[in-house]
Amino acid sequence: MFEGDSLIDWVDRLSENDFVVIDDFLTEPLFEKLRAFFLSKLVQEDFAIAGVGTLSNHQIAPDIRKDFIYWINREEDTVTKEVFLLIDKLIQVLREYCFLSISDSEFHLAHYPKGAYYHRHIDQFKDRGNRLISVIVYLNENWDKGDGGELKVYTNDKTHIIEPIGKRLVLFKSNAVPHEVMKTNVSRYSLTGWLLNKPANVGCFVV
Ligand code: OGA
Ligand code: MN
């Protein structure tokens, strides 16, 4: 995905449609490794209920979203090293071909238990406009039609239904693409993050 026609193709699609879906972003061994990491964090009960808004304006809103998240610490969570090497390559490509000034990133694991959803939103905080690109990598084994939890993406003229199939990568422009996670009928796993043009903590503090 980082070379030749397929690179040109997905960069074009991201520029034209504001989003792109890339299958088999993860290799099988990397997928297994990340799933094992995910499951270990679940067992250790390291996930916390997700909220909406930044630090100064953060609230739990189960009417809007019902997922649980674990923020990754790159230094401590050393098993994620390999996937971040891949994500760093991705960032290089976006800098080079899309002229994006990405200077930081933030990533979490997301667990949507059966019945969870995230209603229509965009990935930009009112008081912290530093998210450029949203990155989602699905970690679901054997996702099947009927399992639910599809990502619904809204563009000017259409809605697009994206199945949360394991190893699949989705990229979209954080401030331009309304989207939602439809109710899931099974546990739904992903690695989700944002590529930022300012450090992660900018604008997070109450002044
Ligand atoms: C989010 C989000 C989409 C997905 O976490 O902000 O919209 O498919 N996730 O998990
Ligand atoms: Mn989102």
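The values are calculated or read from the model by the stated rules, or taken from the named source; none is laboratory data. This one's a predicted model, so the numbers in the text were calculated from it and none came from an experiment. All Cβ positions, even for glycine, are placed from backbone atoms using ideal geometry, and neighbour counts span all protein chains on display. For accessibility, only protein heavy atoms count, side chains too; no ligands or nucleic acids. Shrake-Rupley method; radii C 1.70, N 1.55, O 1.52, S 1.80 Å.
For the reader, a short list of remarks on this structure follows.
- Answer from LYS152, LYS81, LYS114, LYS145 - the residue that is out of contact with any His (no Cβ under 7 Å at 6 or more places or on another chain) and in contact (Cβ under 8 Å) with a residue 24 or more places away in the chain: LYS114
- Scan of the stretch 163-199 for residues that are hydroxyl-bearing (Ser, Thr, Tyr) and open to solvent by 10 Å² or more (accessible area, probe 1.4 Å), ordered by number: SER187, TYR189, THR192
- Residue in the stretch 64-75 that is farthest from ligand 2 (Cβ to nearest atom), counting only those that are out of contact with any helix residue (DSSP H, G or I) (no Cβ under 7 Å at 6 or more places or on another chain) and over 19 Å from ARG188 (Cβ atoms): GLU75
- Scope the stretch 96-115; condition small (Gly, Ala, Ser), in a strand (DSSP E or B) and either open to solvent by 20 Å² or more (accessible area, probe 1.4 Å) or modelled with pLDDT under 95 (or both); matching residues: SER105
One line per residue, one yes/no per condition, for (1) closer than 17 Å to LEU191 by Cα; (2) touching a residue at least 60 places away in the same chain (Cβ under 8 Å):
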site: VAL21; (1), (2): yes, yes
site: PRO29; (1), (2): yes, no
site: ARG35; (1), (2): yes, yes
site: LEU42; (1), (2): yes, yes
site: SER56; (1), (2): no, yes
site: ILE60; (1), (2): no, no
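- Checklist (1) surrounded by fewer than 20 Cβ atoms within 10 Å (Cβ to Cβ); (2) within 25 Å of LYS41 (Cα to Cα); (3) out of contact with any Gly (no Cβ under 8 Å at 6 or more places or on another chain) applied to TYR118, failing item: (1)
- Among (1) within 16 Å of ligand 1 (Cβ to nearest atom); (2) open to solvent by 10 Å² or more (accessible area, probe 1.4 Å); (3) outside any loop (DSSP other than H, G, I, E, B), the one test that VAL79 misses: (1)
- Criterion (in contact with a strand residue (DSSP E or B) (Cβ under 8 Å, 6 or more places away or on another chain), part of a helix (DSSP H, G or I) and at pLDDT 95 or above) met by exactly one of LEU30, LEU34: LEU34
- Among the residues of the stretch 91-123, those that are among the polar types (S, T, N, Q) and more than 17 Å from VAL170 (Cβ to Cβ) comprise GLN92, SER101, SER103.
- ILE133 being touching a residue at least 12 places away in the same chain (Cβ under 8 Å), more than 10 Å from ligand 1 (Cβ to nearest atom) and in contact with a Ser or Thr (Cβ under 8 Å, 6 or more places away or on another chain): yes
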